[in-house]
Ligand code: PSU
Ligand code: MN
């Protein structure tokens, strides 16, 4: 069996030297965008992190090895496989033992980042409590991971394909700080405001880094959600997107989609219904989050020095 875990040399060297590193996931790329758009999005994320002064560390599973700091050809390999396994916590050992390729979710990416010693991670939106949870018990493993793994996750909130009030309740129960980045309201991915207040707010990278440092110094064990609204210019019309989400949820129900297939199914349908507008918003918010994460990683490296 190949090694189950590997950190690339450049990421290892940066971490050992105390230089800023930002983890990036691969599910949002491989399953969130059609090829070859996925390649452009990955390149844009890489650039945004570097321009922010940090080293990007894409995370994914390559031939069974959970890898932190994928080489460009490995990112391209995952981004070219829309049917690569979607790997969350429960799938990691199976992917390793069978030598498969896999794109890691927020949960699996947090696990790898924490193990490598990376404190800051940028994604698009976290998973959450699904609408209809009373029937399905569908709660993303991302929320459990946030409750137990000390990695700060910069995201654009969560999509309203989810039950956002219940997602916030769950995060509170699991002791996860949800922190608005320059906002007091939880963003809802394609739109800047969900109408739900967040318990905490920071207004710059230095304040965010102090919070990360305090959370770690207290040994609380949980992650942190930094919720960063997407750029104004990229935001979609709230009524249109809600209608698209309602249609997509209806289609999923009729098609009997559930489990790990549900999130990618909904994202695909929303992209179709909005004629690709949702993909443009998704790409813009990923880049915005990568830039904010880089700023936090740089400030964190400075406050550790
Ligand atoms: N939400 C998005 N875009 C995504 C995902 C979630 O808006 O790409 C992906 C992330 O990788 C997240 C995963 O970790 O889906 C959650 O899947 P599930 O709901 O099956 O736990
Ligand atoms: Mn689920």
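Miscellaneous remarks
- Residue ranges 222-228, 207-213 sort as 222-228, 207-213 when ordered by packing (mean number of other C-beta atoms within 10 Å per residue, highest first).
- Residues 200, 31, sorted so that the one with the fewest Cβ neighbours within 10 Å comes first: 200, 31
- Going from the residue with the fewest nearby Cβ atoms within 10 Å to the one with the most, 155, 303 rank 303, 155.
- Förster radius 41 Å - calculated FRET efficiency between residue 73 and residue 206 (Cβ-Cβ, nearest 0.05): 0.70
- Estimated from the Cβ-Cβ distance and a Förster radius of 35 angstrom, the FRET efficiency linking residue 213 and residue 47 is about 0.80.
- For 130, 35, order by how many other beta-carbon atoms lie within 10 Å, fewest first: 35, 130
- Sites residue 172 and residue 242 - FRET efficiency at Förster radius 22 Å, r taken between beta-carbons, to 0.05: 0.35
- Descending by average beta-carbon neighbour count within 10 Å, the peptides 143-152, 289-298, 21-30 line up as 21-30, 289-298, 143-152, the highest first.
- D (Stokes-Einstein, µm²/s), Kirkwood Cα radius, the chain, 1.567 mPa s at 4 °C: 69 µm²/s
- Label-to-label distance, nm, for residues given as residue 40 and residue 83 (7 Å Cα→Cβ offset): 2.6 nm
- Whole-number percent relative contact order across segment 1-77, with pairs defined as alpha carbons under 8 Å at least 6 apart: 43 percent
- Each label point was placed 7 Å from the Cα along the Cα-to-Cβ direction; for residue 100 and residue 19 their separation is 3.5 nm.
A short reminder: the numbers here are calculations on the coordinates, not readings from a lab. Since the model is a prediction, treat every value here as computed from it, not as a measurement. Ideal geometry is used to build each Cβ from the backbone, glycine not excepted, and the neighbour counts take in all protein chains shown.
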